[in-house]
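Working notes, beginning with the structure itself.
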Amino acid sequence: MKKLLFLSLFFVLTLTIVSCGNDKKEKKASEKNTSEKTYSIEPKTTTINWTAYKTTDKVPVKGQFTKFTIENTKNGTTAIDALNGLKFSIPVSSIFTKDTIRDGKLKKFFFDKMLDTQEIKGTLHFLNETSGTADITMNGVSQELPITYVIDGQMVSIEGIMNLDNWKAQIALESLNAACLDLHKGADGISKTWSDVKIEVVTYLKQN
């Protein structure tokens, strides 16, 4: 009888210890899953800015694209994971410079002189902690655009200098310069539209 009672108590004690151990493991796993943060891009908190240049003094002309789409939005455990490999598409009709006449000229005399350029398409690639590339397709040409980036918490800033010659946009550039001949003249009387354009993307990632 004593032996049976002892075995019963031992069995109950063993079950209690095992159950308690499992509860602790499940609690730790639950806490880990709850505390793990993920990030994803949020179009509403993302801006795509550009700076073009005119005259031999290289006077900046700033603008932005107000719309874009992401084909493969994803969650990542880091900002790099969330952005790496993203495919984007930018409709050129969304160009905005705070000057409707200039916007119209850019559409008519620049983008309309290209091939298949209703949209600019690209894919982001992050190679290390500070730099990467963006595969950009424009004017029927696909080329790599070197980029640098800075991450500060949920804020990511990406920059790149786009040489339009690499996308065979010389004809479009000449067309734009002819349409803006006097406006692109500097003090020396020379009209010039530069082929390099600075691209700046700032995004505040959503934390999930």
What residues have an amide H closer than 5 Å to that of Gly85, excluding those fewer than 5 places away on the same chain, when H is modeled at 1.01 Å from N in the peptide plane?
Leu124, His125, Phe126
When the Karplus curve 6.51 cos²θ - 1.76 cosθ + 1.60 is applied with θ = phi - 60°, which whole-Hz ³J(HN,Hα) does each residue of region 144-152 get, with x for Gly and Pro?
7, 10, x, 10, 10, 8, 10, 10, 10
Phi to ³J(HN,Hα) by Karplus 6.51 cos²θ - 1.76 cosθ + 1.60 over region 193-201, Hz, x for Gly, Pro:
10, 6, 8, 9, 10, 8, 10, 10, 10
Which trypsin sites (Lys or Arg not before Pro) from region 91-174 combine a DSSP loop assignment with at most 12 other Cβ atoms within 10 Å?
Lys98
Given pairs Lys54/Lys105; Lys37/Lys198; Lys54/Lys198 and cut-off 23 Å on Cα-Cα distance, the over-length ones are Lys37/Lys198
Mind listing the long-range amide H neighbours of Val197? Cut-off is under 5 Å, sequence gap 5 or more, other chains count too, H placed in the peptide plane at 1.01 Å from N.
Met162, Asn163, Leu164
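We did not get these values from a lab; they are worked out from the coordinates using the rules stated. Quantities reported herein were computed from a predicted structural model and do not represent experimental measurements. No Cβ is skipped: glycine too gets one built from the backbone with ideal geometry, and neighbour counts run over all protein chains shown.
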